[in-house]
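Remarks on the structure that follows.
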Amino acid sequence: MSVNFTNLYQLIPEKKRIFKKINSLIKNSKFIGGIELKNFEKKFSKFVGTKYCIGVGNGTDALEIAVKSLNLKKGSEIIVPNNTWVSTAEAVLNNGYKVVFCDVNLDDYSICTDNLKNKISSKTSAIMVVHLYGNPSNITTIKKLIKGKSIKIIEDCAQAHGTKFLNKHVGTFGDVATFSFFPGKNLGAFGDGGAIVTNSKKVFEYCLRSRNHGSLSKYDHKFSGRNSRLDTIQAAVLNIKLEKYNESNSRRRILAKIYFDNLKHIDSIRLFNLSKGNTSSFHQFVIRTKFRDKLKEFLKKRKVDTMIHYPYMLSELKFFKNTKKLKKSHNLGSYILSLPISEEHSKTEINYVCKCINDFFKK
Ligand SMILES: Cc1ncc(COP(=O)(O)O)c(C=O)c1O
């Protein structure tokens, strides 16, 4: 047996319907904006539970625009967890603010709230809360820590479609939140795509203009924005995929349970330790072991694809000019391993991956 990490073509549901829709959009020259985009923004804000949604070109632009929309003080510091995709920190730098890296906890790899206490300073204007791997960050504790302070929360939900904290979808807790629809994401488009969600009318109005050169209609520029629109074909694909999204997420949870059940007794592996009552969307299923490289090699020989998210911590990238060592995440990129998981993987495949891992540790 061989197990791919992911097979994007297989992940496309209702292929005939989607291809027919794309054909009709092309025939009618509907490429930018229009009813598909409006519908998607309406449906996605309903899905998340926010008042507003603005479709944009990708999750990185979503973050950059979201940070800008908050109009933070010049010279501000924004706290970013050390283990995340580079975009989260780029959005801070590209807006001219200072990145302050915070450690991550080793239970679910989201921001470490103990370390966060020490990172908050008089210059902190915002915290990037990343729901990494689809695991919800502890928003209650974060909110307690910033109570009474003028600190905004930006939720990076790029990996967290369908993730819930205390039964509420992530992205509804902060001042503004962002999503990515990169093809490999749980809810992926046929190219790049992203969205910003918020309950604030002011943020909404800013982001809506910002994605389209500061204008709402032709030649109505009110400020300098950019071109970052979610195009019509991507919106149409996402509209169809969103209909059955909850089902595909349930499937990931079933497969994650197989991993938990079959790997929990292996002493040399650490699994996610998720708080009860919250819902992960299992964008990645990440394990941690000091035998990571040998295990990865062994699985490759058994035709099981794995990946590493991420092989470096952001503070290790030189251009962020970070000099402080963060205890828990130091060198974390050498221990973590992402196992295959998607709604298209079969139980047999996941059981096979578990068997291979068990074989490796029995040797
Ligand atoms: C946590 C996180 N933030 C932001 C992004 C950026 O999204 P995009 O690739 O759509 O620009 C990603 C995508 O990989 C991500 O995983």
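Restricting the chymotrypsin sites (Phe, Trp or Tyr not before Pro) of the stretch 13-74 to loop positions (DSSP other than H, G, I, E, B) with no more than 13 neighbouring Cβ atoms within 10 Å leaves F31. Once the chain from K362 to S346 is taken as fully extended at 0.36 nm per residue, the excess over their C-alpha distance is 3.3 nm.
For the stretch 245-362, the Kirkwood hydrodynamic radius from C-alpha pairs, put into Stokes-Einstein at 4 °C and a viscosity of 1.567 mPa s, yields a diffusion coefficient of 84 µm² per second. Which entries in K290/K321; K264/K362; K164/K276; K144/K276 show an alpha-carbon gap greater than 18 Å? Cα-Cα > 18 Å for K290/K321; K144/K276; rest within.
With N denoting the number of residues in the stretch 3-121, provide Rg(C-alpha) divided by 2.2 N^0.38 Å, to two decimal places. List each step's numbers first, then the result.
Numbers: Rg = 19.5 Å, N = 119, 2.2 N^0.38 = 13.5 Å.
Against the empirical 2.2 N^0.38 Å value, I get 1.44 for the stretch 3-121.
Percent of C-alpha pairs per 10 Å bin in the stretch 186-241, short distances first: 22, 43, 32, 3. Extending 7 Å from Cα along the Cβ direction at S334 and again at K20 yields two label points whose distance is 5.6 nm.
Computed from the alpha carbon atoms alone, the convex hull of the chain holds 137 Å³ per residue. For L11 and E205, the difference between the fully extended length at 0.36 nm per residue and the C-alpha to C-alpha distance is 66.4 nm.
Annotation note: trypsin sites (Lys or Arg not before Pro) in the stretch 52-153 located in DSSP loop regions with a Cβ neighbour count of at most 15 within 10 Å are K73, K74, K123, K147, K149. For a paramagnetic label modelled at 7 Å from the Cα of K51 toward its Cβ, which residues of the stretch 131-157 fall within the zone defined by backbone nitrogen distances under 17 Å? Within reach of a label on K51: 153.
Pop the C-beta distance of K144 and S2 into the FRET formula with R0 = 45 Å and round what comes out to the nearest 0.05. E between K144 and S2, to the nearest 0.05, is 0.40.
Give me the accessible area of S334, 1.4 Å probe, in Å² rounded to the nearest 10. Answer for S334: close to 50 Å² accessible.
Normalised by the residues of the chain, what does the relative contact order come to in percent, with Cα pairs under 8 Å and at least six apart?
In percent, rounded to a whole number, it is 22.
The magnitude of the dipole of the stretch 55-134, with charges of +1 and -1 set on the Cβ of Lys/Arg and Asp/Glu and taken from the Cα centre, is near 460 debye. Between E247 and D220, what's the calculated FRET efficiency when r is the beta-carbon distance and R0 is 41 Å? Round to 0.05. Rounded to the nearest 0.05, the efficiency is 0.50. Element breakdown for the chain at a 1.4 angstrom probe: carbon and sulfur atoms account for 50% of the accessible area. Relative contact order, whole percent, for the stretch 94-195 stands at 19, derived from Cα pairs under 8 Å and 6 or more residues apart.
The values are calculated or read from the model by the stated rules, or taken from the named source; none is laboratory data. Fair warning: this is a prediction, and the values are worked out from it, not measured in the lab. We place every Cβ from the backbone using ideal geometry, glycine too, and count neighbours over all the protein chains shown. Ligands, DNA and RNA are stripped out before the accessible areas are found, and what is left, the full protein with its side chains, is counted by its heavy atoms. Shrake-Rupley method; radii C 1.70, N 1.55, O 1.52, S 1.80 Å.
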